[in-house]
1. Out of residues 5 or more away from I120 or on other chains, whose amide H comes under 5 Å of its own, with H placed 1.01 Å from N in the peptide plane?
2. Would you kindly state how much longer the chain becomes between S71 and T123 on full extension, computed as 0.36 nm times their sequence separation minus their alpha carbon distance, in nm to one decimal?
3. Using DSSP loop states and a limit of at most 13 other Cβ atoms within 10 Å to flag trypsin sites (Lys or Arg not before Pro), what is the longest stretch of the chain containing no flagged site?
4. Got a sec to turn the phi values of region 82-96 into Karplus ³J(HN,Hα) couplings, 6.51 cos²θ - 1.76 cosθ + 1.60 with θ = phi - 60°, whole Hz, x for Gly and Pro?
5. Hey, with R₀ at 25 Å, roughly what FRET efficiency would A105 and S13 work out to, going by the Cβ-Cβ distance, to 0.05?
6. Quick one: if the Förster radius is 22 Å, what FRET efficiency do I21 and T195 give, using the C-beta to C-beta distance and rounding to 0.05?
7. Once you put a point 7 Å from the Cα of E112 and another 7 Å from the Cα of A165, both along the Cβ direction, what distance in nm separates them?
8. How big is the C-alpha Rg of region 118-197 next to the rule-of-thumb value 2.2 N^0.38 Å, as a ratio?
Amino acid sequence: MEKFKHLLAPLLSSARDLMPIVVVIAFFQIGVLRQPIPNLGEIALGTLFVMIGLAMFVRGLEMGLFPIGESMAYAFARKGSLSWLLLFAFALGFGTTVAEPALIAVADEAAEVAAVGKMIEDTPEARESYADGLRVTVALSVGFAILVGVLRIIRGWPIHYLIIAGYIGVIIMTGFAPPEIIGIAYDSGGVTTSTITVPLVTALGVGLASSIKGRNPMIDGFGLIAFASLTPMIFVMGYGMVI
């Protein structure tokens, strides 16, 4: 019975999280549009799959990604090598971002639009090269952001000064970047903080702050995601200016 409750709890939590979406869609479809919900059976089955998948995903984070992120942060802190820790932070940011499904989708769509708009040649090779270049640029920016964020935790730098300086950089770059790339750059800042990057990066920050004497995990452990959302805007606008 105890194991059954342990498995049922994530499902109930996922159902509670999905309930507002279901209520909103049902209200506007039935109450406002006054139309029956099409393919109700398929939609209900799909919602069930989403609920199960979300429950399994959250449980997987708790069992796998959060512990490994925190344990590696502890291990690097005990090792006492700043260079290895910064290299790991950069590699973690780069590796998780380049594999983000949301970033892959946005990069492919941006390449398609760029080809239609005659910014690049309308060939599969040109579109693939543009999309790959955009993904690598964003991944490099996130790697750099996590490196800076880890250095901030170690040195105890105030996060708000770095964030303010970063957004000043975004504003300055917006004035010089091609108009066609600005929207993509701003969207890139959002798609980087998704399913793969956020759990590992958050676990890294909290674990590192917990393992360093004088650091508060609540105050110093968070904030890495803010850097991961900020730097892609600057790097992608720079990418647009170069190409």
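Bear in mind these aren't lab numbers, they're just calculated from the coordinates by the rules spelled out. Because the structure is predicted, anything quoted here is derived from the model rather than measured. Reconstructed Cβ throughout: ideal geometry from the backbone, glycine too, with neighbour counts over all protein chains shown.
1. Answer set, sorted by chain and number: A115.
2. So the chain would gain 14.2 nm between S71 and T123.
3. For trypsin sites (Lys or Arg not before Pro) (loop position, at most 13 other Cβ atoms within 10 Å), the longest site-free span of the chain is 119-212.
4. 5, 5, 5, 5, 5, 5, 5, 4, 5, 5, 5, x, 5, x, 6
5. Plugging the Cβ-Cβ distance into 1/(1 + (r/R0)^6) gives 0.40.
6. Approximately 0.80, to the nearest 0.05.
7. 4.0 nm
8. That ratio works out to 1.33.
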